[in-house]
Every structure is written in C-alpha cells, then in structure tokens.
Amino acid sequence: MLTLDQFLASVERKAYRMAMMAVKSDADALDIVQDSMIKLARSYGHYEGVESSEEWRPLFYTILHNCIMDFHRSQSRWRKWFSRPADSTIGTDESDDDQLDHYSQQHEFSPEQYLHSEQLGAKALAAIELLPVKQQQCFLLRSWEGFSVKETAEMMKITQGSVKTHHFRALQKLQQVIYEQA
C-alpha cells in the first residue's frame, strides 16, 4: 500500500525539474510543485492506501500541467500590463551529479566520454527549456514520464493529434541540437 506522502516524495524531484524547465525560476518552480501537491492532497487525500502510484500519477501530472499553464497565463498578463522582464535563474541539483558520478564509475566511462556525454546532456536540457511550453510539456510527459498519447491529451486537455504534433516538433528540435553537436 502506498500513502500519499510516499507518492509525493517519489515524484517531487521530477515534478520540480518539469516545472523548472517550464518557468526557469527556482522559486516559481517550487511554488508550482507545492501548489500541485496541495491540490492533489486536498482533492484525493482521502484515498489513502492506494495500491500503486499509477492511480495518482495521471492526476498529479494533470494538476502540475495546469499549474504550469496558469503560471504562464498570469505571467503573460503581468508582462502585458507591467512589462516585467522574465526571471532566468536556473538551479542545480548536486544529488543528480552524485548519481551521474556513480553511474559513470559503474560503467567505466573514459573522461572524454563522460565530458562529451555531460556536454550533450546540458545542451539537450537547454534545448528542452527553449521549446514552446506545449511542446515542452508534451515531450516531458510522453518521453520522460512515459504517458501514452491518450493520457497526455487528457492531462493537457488537447486532442491526441495535437499531442502527436507537439511531441514530434519537440523531437525534431531536440534531434537537430543533438546532431549538430555529434
């Protein structure tokens, strides 16, 4: 049996990364993730003891996507009226670096391979951050989280055809970045 706290702990880091890529601000990303978690807890917290996280995952990522879109709408309105420049601070996660170091030690990368892989990964992440929000969300939900086209469409409240289009365009842009660097 999985408690809501356990589920939220298991998705916290991925949710933060998704929000961070979408809003490019540490504080705003943390607020979005926190709001998403609170909304899930308020609406579905009474379903304690769910058998697997698969029952909460689609709900949580739908809420997260909606919070990200709400943030962009509010920022758009704010800029329209007050012309506030976008905040472009980007945070880092040292524990991910530790995991990468551990992985590279297990798989015996040469220093050159490790450096090339790290540079390529950084450029891919930068390319993901530059994608339009819908393409970015489609890519993250489909490719990173493994949701189906139907699930992604339901979460984003768009058609399955739109999901396929946004995902394909995101993949094209990311492949272009990767091929330019290879």
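Measuring r between the beta carbons of residue 125 and residue 12 and using R0 = 22 Å, the FRET efficiency lands at 0.75. Most tightly packed first, judged by the mean number of other beta-carbon atoms within 10 Å of their residues, the peptides 19-25, 119-125, 149-155, 4-10 read 19-25, 149-155, 4-10, 119-125.
As a rough footprinting exposure proxy, the listed residues 144, 56 were ranked by other beta carbons within 10 Å of their own, and the order from fewest upward is 144, 56. Between residue 165 and residue 5, the modelled labels are 4.6 nm apart [label points 7 Å from Cα along Cα→Cβ]. Among 76, 36, 148, the ranking by other beta carbons within 10 Å of each residue's beta carbon, starting with the fewest, stands as 76, 148, 36.
Normalised by the empirical 2.2 N^0.38 Å for globular proteins, what value does the Cα Rg of the stretch 1-62 take? Don't jump to the answer; show the numbers that get you there.
Numbers: Rg = 11.7 Å, N = 62, 2.2 N^0.38 = 10.6 Å.
That ratio works out to 1.11.
Computed from the coordinates by the stated procedures, all read-outs in this text should not be read as laboratory data. Please read all numbers here as calculations on a predicted model, not as lab measurements. No Cβ is skipped: glycine too gets one built from the backbone with ideal geometry, and neighbour counts run over all protein chains shown.
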